[in-house]
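The values are calculated or read from the model by the stated rules, or taken from the named source; none is laboratory data. Remember, predicted model here, so these are calculated numbers, not experimental data. So basically every Cβ, Gly included, is an ideal-geometry build from the backbone, and we count neighbours across all protein chains shown. Keep in mind that these areas ignore ligands, DNA and RNA; they rest on the heavy atoms of the full protein, side chains included. Shrake-Rupley method; radii C 1.70, N 1.55, O 1.52, S 1.80 Å.
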Amino acid sequence: MRIGSNPLKKKPQLEPYKRHRIIIPVFIGADHEYFAQSTETLKLCLRSLYATIDLNHVSVTVINNNSISAVDEILAPYVKSGQIDRYIRNQTNRGKPDAVAGEILATYESFVTLTDCDVLFYQGWMRTLEDVFCAHRGVGAVSPFPAPNHQFYHTGTTWLSALATFRARVGNYVAENDLNEFLESIAKPVDFFPKSVRAKQFAYKSKTATSLIGCGHFVVMFRRFVFNKMVYTPKLAGASNGEQDIDAMSEKAGFLRLSTPTYHVYHLGNVVEDWMEGAVREVESSEQVPLVDETNFAKAERNSRPIVGFIPKLVRKICLRGIKMGSKLIRR
């Protein structure tokens, strides 16, 4: 039976959605040395995240993929205070791609950022990404760190747009030390980035910004619009296996994939180092960088594809193969 009337029926308008939705999948398991210090890096990650974002414009989702109970204890104060706007706790570890894909489709904010749970965020990282969306028409995805190894990864639209509008550039945009520090953080050898990639990167230049072609994925901001036609098949895959389907959506929708030439985030990994606490404290004590004003943000929100984004996807893919082959001559 029902008694009375639901009071929400008389409330004409609920709270509006914010600009951004950040989605953080978390899995920290038990009884394995890999996860021995992961709760500590998670704490550092959350501290730096909340020191750098404006909760007036940003909502945060955390997906707990059946982690150990210590993770629930770490997250509980953030949930209670409302800093975690949406908390999902799966009783089974569904892996990163499956957990994230479902939450993307439940997102209504204009921009959705996917991030790992072992990231150090520097002040201004989110403003920098908004600036990229404002500077170039038709951006679908941006990472706040250079991705020279992904310059031909789902970037057919980006390359064709850069060449057609004479915005393609080649040069040395990324500092050598920055690349080395990043590779060290993910336990990759120095030669993971070939000499040719280190010496020359490809960029997309507009009147107000120069961004690198290609986009990484341990932190990436997407235009929510690119997922409007996403049909996702569950991968039942752990870690990052299966992320390709999510990465590919901005290219499928005919939008650009770009990255910043400098690092605005850092990969903490699963081992706590002496410098990390000091770095997080410095972030916490620094003034927060404001997001772009409403006028410029309205420009960034426009879901207008570059003209080449209307070319059939297969044609863009074939063109990308030819461009990749030609790039080898430039990098010699």
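Being under 21 Å from CYS215 (Cβ atoms) and in contact with a Phe, Trp or Tyr (Cβ under 6 Å, 6 or more places away or on another chain) holds for only one residue in PRO306, PRO261, and it is PRO261. Which members of the range 302-332 meet the condition of being assigned to a helix (DSSP H, G or I) and open to solvent by 70 Å² or more (accessible area, probe 1.4 Å)? Passing the criteria: ILE307, PHE310, LYS313, LEU314, LYS317, ILE318, ARG321, LYS324, MET325, LYS328, LEU329, ILE330. The set of residues in the range 98-145 that are out of contact with any Pro (no Cβ under 6 Å at 6 or more places or on another chain) and small (Gly, Ala, Ser) comprises ALA101, GLY102, ALA106, SER110, GLY124, ALA135, GLY140, ALA141, SER143.
Scanning the range 263-278 for residues that are buried (at least 17 other Cβ atoms within 10 Å of the Cβ) and either without any contact (Cβ under 8 Å) to a residue 40 or more places away in the chain or of a type in the set (A, V, I, L, M, F, W, C) (or both) gives VAL265, LEU268, VAL272, MET276. Consider VAL226 carefully, then state whether it is under 15 Å from the mean Cα position of the chain (by Cα), within 26 Å of TYR34 (Cα to Cα) and at pLDDT 95 or above. It is false that VAL226 is under 15 Å from the mean Cα position of the chain (by Cα), within 26 Å of TYR34 (Cα to Cα) and at pLDDT 95 or above.
Residues that are under 30 Å from ALA141 (Cα atoms), aromatic (Phe, Trp, Tyr) and in contact with a strand residue (DSSP E or B) (Cβ under 7 Å, 6 or more places away or on another chain) do occur in the range 26-46. Among the conditions (1) touching a residue at least 24 places away in the same chain (Cβ under 8 Å); (2) assigned to a helix (DSSP H, G or I); (3) among the hydrophobic types (A, V, I, L, M, F, W, C); (4) open to solvent by 20 Å² or more (accessible area, probe 1.4 Å), LEU8 misses just one, which is (1).
Select the helices (runs of 4 or more DSSP H) contained entirely in the range 163-251, then report the ones holding at least 1 residues which are surrounded by 18 or more Cβ atoms within 10 Å (Cβ to Cβ), in contact (Cβ under 8 Å) with a residue 12 or more places away in the chain and among the aromatic types (Phe, Trp, Tyr).
Working: elements: 176-185, 195-199, 244-247.
Output list reads 176-185.
Just one of the listed residues (THR113, THR41, THR52) is of a type in the set (Ser, Thr, Tyr), under 23 Å from PRO290 (Cα atoms), in contact (Cβ under 8 Å) with a residue 24 or more places away in the chain and touching a Leu at 6+ places or on another chain (Cβ under 9 Å), namely THR113.
Considered as a group, the residues in the range 119-160 that are in a loop (DSSP other than H, G, I, E, B) and surrounded by fewer than 22 Cβ atoms within 10 Å (Cβ to Cβ) include one that is modelled with the lowest pLDDT, and that residue is ARG137. Quick check on my filter: what residues within the range 94-118 are among the aromatic types (Phe, Trp, Tyr) and either open to solvent by 10 Å² or more (accessible area, probe 1.4 Å) or not in a strand (DSSP E or B) (or both)? Residue satisfying the conditions is TYR108 alone.
Quick one: is SER206 modelled with pLDDT under 95 and closer than 18 Å to LYS299 by Cα? Considered against the rule, which asks whether it is modelled with pLDDT under 95 and closer than 18 Å to LYS299 by Cα, SER206 comes out as yes. When the range 282-301 is limited to residues that are open to solvent by less than 90 Å² (accessible area, probe 1.4 Å) and outside any loop (DSSP other than H, G, I, E, B), the one that is nearest to ARG224 (Cα to Cα) turns out to be GLU301. Checking the stated criteria, ASN56 turns out to be in a loop (DSSP other than H, G, I, E, B), open to solvent by 80 Å² or more (accessible area, probe 1.4 Å) and out of contact with any Pro (no Cβ under 6 Å at 6 or more places or on another chain).
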